[in-house]
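The structure appears right after this line, and notes come after that.
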Amino acid sequence: MRRTAASLFLIAGFAPFHLAGVASAQESLEVSSDNGAALIDQSTLPTAIELKGSRPQADPSVLPPAATTLPDSLESLHSPPSLALPNQPGQVRIRELRPLTLAEVEQLAEVNNPGLKAVAFQVQQAKSSLRAAIASWYPTLNLTANGLPQYLAGEQQTFVPDQEGTLTSSANSEISTANFAAQLNWNLIDPGRVPEIASARDTFERSRDSYLIALRDLRLSVSTAYYDLQRYDQKVNVGKQSVTASLISLRDARARYQAGVATKLEVLEAETQLARDQDILTGSINFQVRARRDLARIADLPQDVTPTAASPSQVVGTWQPSLQESIIAAYAFREELDQKILDISINNSNANAALSSVQPVLSIFNNFSTQRFQGQRGVAPPVNNDIYGWSAENTVGLSASWNIFDGGRARAQYRRNKQAADASAYEFADQRGKIRLQVEQSFFDLRANQETIRTTSREVLSQREALRLARLRFQAGVATQREVVDNQRDLTRAQLRYVDALVDYNITIAELRRYTGLDQVASCPSLDLPAEKSQSLSIEEFPIEPTPLIPACQASLLGSG
């Protein structure tokens, strides 16, 4: 038992800390006086435009690109077709539990996740919109044809009365024509062209930033979901151990009761604790199943596959950068700030485009038309169809248009976009505060979880020893079953808190990686564990019998009295 306790303490991954280290998080909030300087004049801080430029571009090289293919070992886990919709129960029945590592789940999510694919197509849409805007620099050519060919046949009769009678004249038409025209137009001066292209370009860069943000959020979601699955796997193990311990206590209580050295109350207390532990196990299994399916949703696995965690939860390492270094790295890393700068640029470009509607546009044009005809029109019969001819015209010139007055619409649109640019600047400041708060909260949570791991590991060691002594005292007849039950309950709670602290610590590390872009995590030193396996409670010796699923209306005993 002592070796098991020592191993648990080592698995926590941390040596004991002095209490002075716990206060370091609070010290970081105090006013620094390293050089005796006063508060920093905030007006002297560099601006984001100076650091990032007025139109920052996305830099996909700052993080590994998303995976596009799966290895042979994961080839069978490709996502189902996007429009697939099962309509039979057998199509969604789970047929395989696949153990996966965190790296494998990340790779599956990057290849399969439909949300990431949708954002990738949005980037392509923005690229197509940019290409459409660039097309305004090129001339346009329109071809028209009126009648290829067209036929005209007609007859005209004219009656003129005179003294001798009625004079009749006749004229017939029978002609076929073919008309063709080409119009070439090129805007030499177009005030709206440059701002529209600039707006489309910034929108494209913003969509690329959105893809990087979505990819990083996806990796954080995968890590969080995987660590949560490990959490409930560990809690299920704790629940099984607690139920096993309760079965042992119940066995001892019943044996002592049958021997006449214990009371019925002690048996009831053992049964009550067994029911509590079974409830903990049931809840943990419920959350374990939900965590597995949540991970399957993120990775978009086939409908009949459920992932499981291939490894138990353990400390991933120690965060090396300081709080201040983490904040500065987050400011330089986060594309959310770049998006706000691009919003300012987009709104300014839209403002200039709005003014272009009341500015002159100068174009050069070239119109060419040709016509061929055969036959005659309005001649006395008979019509000679052998007569034919053709004509061609070409016109080159300049055209100008100027909407001098539009009732103030363009000026109002200009002010609206300028005001939107000002709002984007304030949104930048708000996003800056959110980013710093995210880093600070994760940093402080990391230290709190680190300390909680230490305290809960010590609590687990103490409670294990206390439970061992309580059982010995109970078997010797100098303690009651209540003492055993209380120590067992405290041990279960300590183990659950230790699991939560360990998983929360790992999740916080993943959050800091996401928020700062840093990966300076020192691995835990290798553990020097004893060569011999420690003796502990064996679940096989006290199997947990499955219990039937009873409807709630039948399982409730409170209403029967």
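All of the numbers you see were taken from the coordinates with simple rules; none came from a lab. The model shown is predicted, which means the values in this text are computed figures rather than measured ones. Virtual Cβ from ideal backbone geometry, glycine too; neighbours counted across all protein chains shown.
Approximating the spin labels as points 7 Å out from Cα along Cα→Cβ, the ALA178-to-GLN91 distance works out to 5.6 nm.
Where a ≥ b ≥ c are the square roots of the eigenvalues of the C-alpha gyration tensor, would you call the range 36-151 rounded, which needs a/c under 1.5, or, failing that, prolate if a/b is larger than b/c, or oblate?
Judged from the Cα gyration tensor, the range 36-151 comes out oblate (a/c at least 1.5, b/c at or above a/b).
Using a/c under 1.5 as the rounded threshold, could you call the range 381-514 rounded, prolate or oblate? The axes a ≥ b ≥ c are square roots of the C-alpha gyration tensor eigenvalues, and prolate needs a/b larger than b/c, oblate otherwise. It is prolate, given that a/c is not under 1.5 and a/b is the larger ratio. Taking 7 Å along the Cα-to-C-beta vector as the label spot, tell me the ILE285-GLN150 distance in nanometres, rounded to one decimal. Between ILE285 and GLN150, the label points sit 8.4 nm apart. Ignoring lysines fewer than eight residues from LYS240 along the same chain, the ones with Cα atoms less than 20 angstrom from its Cα are LYS533.
Here each label is just a point 7 Å from Cα along the line to Cβ, and for LEU265 and ARG411 those points are 9.2 nm apart.
For the residue pairs LYS235/LYS434; LYS127/LYS340; LYS52/LYS434; LYS340/LYS418; LYS52/LYS127, the alpha carbons lie more than 25 Å apart in LYS235/LYS434. If R0 equals 51 Å, the separation of the Cβ atoms of LEU51 and SER462 corresponds to a calculated FRET efficiency of about 0.45. Cross-link partners of LYS117 among aspartates and glutamates, defined as those whose alpha carbon lies under 18 angstrom from its own and excluding same-chain residues fewer than eight positions apart: GLU106, GLU205, ASP209, ASP217, ASP300.
The trypsin sites (Lys or Arg not before Pro) of the range 89-143 meeting both criteria, a DSSP state outside H, G, I, E and B (loop) and at most 15 other C-beta atoms within 10 angstrom of the site's C-beta, are ARG93, ARG95. From the alpha carbon centroid of the range 289-366 to that of the range 44-84 is 8 Å.
Among 67-79, 438-450, 233-245, 473-485, how do they line up by average Cβ neighbours within 10 Å per residue, starting with the highest? Show your work: numbers first, answer last.
Working: 67-79: 12.8, 438-450: 19.5, 233-245: 21.4, 473-485: 16.9.
Order by mean packing, descending: 233-245, 438-450, 473-485, 67-79.
With a cut-off of 19 Å on the backbone N, the residues of the range 181-195 near the modelled label site 7 Å out from TRP390 along Cα-Cβ are 181-183.
Protection proxy ranking of 99-111, 219-231, by the mean of other Cβ atoms within 10 Å over each peptide's residues and highest first, is 219-231, 99-111. Rounded, prolate or oblate: which one fits the range 200-241, using the alpha carbon gyration tensor with axes a ≥ b ≥ c (rounded when a/c is under 1.5, else prolate when a/b beats b/c, else oblate)? Here the range 200-241 falls in the prolate category.
Each peptide in 49-56, 312-319 receives the mean, over its residues, of other Cβ atoms within 10 Å, and ordering these scores from highest gives 312-319, 49-56.
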